[in-house]
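Below: one structure, written as structure tokens.
Here, each number is a calculation from the coordinates, and none is a lab measurement. Predicted model, so just to flag it, every value in this text is computed and none were measured. Neighbour counts are summed over all protein chains in view; Cβ atoms, including those assigned to glycine, are modelled from backbone coordinates with ideal geometry.
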Amino acid sequence: MKYLIQVFILSMFAYAAAQFSDNLWFALISKTIASGSFFYAGLLSIKKIENPSPIFSRFSKTMIWGLLVSVCADILLEIIFEAGFGFFFVAQIIYFFALVRFRKPGKKIWFILFLIDIPLFITEYFNPFLDFGVLFVPLFIYISFVLANTVFSFNLFKSKCKSAKLLPAGLILFFISDYVLQFKLFGSFPEWLNLVIRVVNVFTYFSGQFLIALSLREDFSKE
């Protein structure tokens with residue numbers, strides 16, 4: 001795992017550097033290595049657990065599928081945006097069902113999600129700096145899934161298991177990465193600011209996915 005983390009960090013920095021050039025192959029190769037690294041980290045994590053509970057086994061395997069679909073989304077996003085977005089949508093739906101089946105959210109959690117979603121909708125729809133066009137509805141549904149996954153995982157911060165706490169931390173970073181990315185994709189900002197946004201997006205996204213992968217190292221279903 002030590003060498004894998006080193007490869008992951010180097011490839012993540014390489015992809016961040018690729019934001020300052022127009023070299024598609026450099027970006028594609030570095031991004032593929034970084035994405036493959038967090039997926040492989042997830043595989044190593046679940047293999048480390050001996051005799052996991054049936055609930056956690058199902059949960060971890062579902063999350064692995066989400067990581068795999070995310071790898072495909074990462075690659076496609078560099079070539080065809082719509083295809084990459086579609087795969088990311090599927091990945092978030094997979095995460096959503098994994099979390100809901102693992103620990104069913106109570107009415108309080110759904111209410112908190114609703115309270116956050118309403119102002120999010122208003123600020124997104126009336127944001128003068130963003131122009132989503134016809135993509136507003138599918139993009140808002142997507143970001144709502146990302147937000148739901150983040151909120152549903154919050155209770156794991158109370159876990160005594162350190163690995164469990166990595167999951168909500170990773171999902172928070174994932175939400176931040178997608179939220180800032182929209183300003184690059186649908187806003188009109190100076191090029192230097194777009195580069196800052198992309199670099200922030202790169203580090204929050206890949207760090208988030210890697211934390212999600214590492215969270216699967218321990219069975220925290222028995223708490």
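Quote the FRET efficiency, to the nearest 0.05, computed for L193 versus I112 with a Förster distance R0 of 30 Å and r equal to the Cβ-Cβ distance.
It comes out at approximately 0.40.
Given 5 Å bins starting at zero, what is the percent of C-alpha pairs of region 36-134 in each, up to the one with the largest pair distance?
That works out to 2, 11, 14, 15, 17, 16, 13, 6, 3, 1, 0, in percent per bin.
If you project the alpha carbons of the chain onto their three principal axes, what span does each projection cover, largest first, in Å?
Result for the chain: principal-axis Cα extents of 51, 43, 26 Å.
Run down the aspartates and glutamates and flag those whose C-alpha is under 20 Å from the C-alpha of K184, throwing out any fewer than 8 positions away in its chain.
D22, D74, E78, E82, E124, D131
So which aspartates and glutamates can K47 reach, going by Cα to Cα under 13 Å and dropping same-chain residues fewer than 8 places off?
Qualifying aspartates and glutamates at Cα under 13 Å: E218, D219.
Output the relative contact order of the chain, whole-number percent, from Cα pairs under 8 angstrom with separation of 6+ residues.
27 percent
Using helices alone, what [θ] at 222 nm do you get for the chain, with -39,500 (n - 2.57) per DSSP H run of 4 or more residues, divided over all residues and rounded to the nearest 500?
Rounded to the nearest 500, the figure is -27000 deg cm²/dmol.
Return the single residue from D22, D74, D178 with maximal mean-square fluctuation; model: Gaussian network over the chain, springs between Cα atoms under 10 Å.
Among D22, D74, D178, the largest GNM mean-square fluctuation belongs to D22.
Rank by packing, highest mean first: peptides 153-164, 9-20, 182-193, 203-214, with packing defined as the count of other Cβ atoms within 10 Å averaged across residues.
The peptides rank, most packed first, as 203-214, 9-20, 153-164, 182-193.
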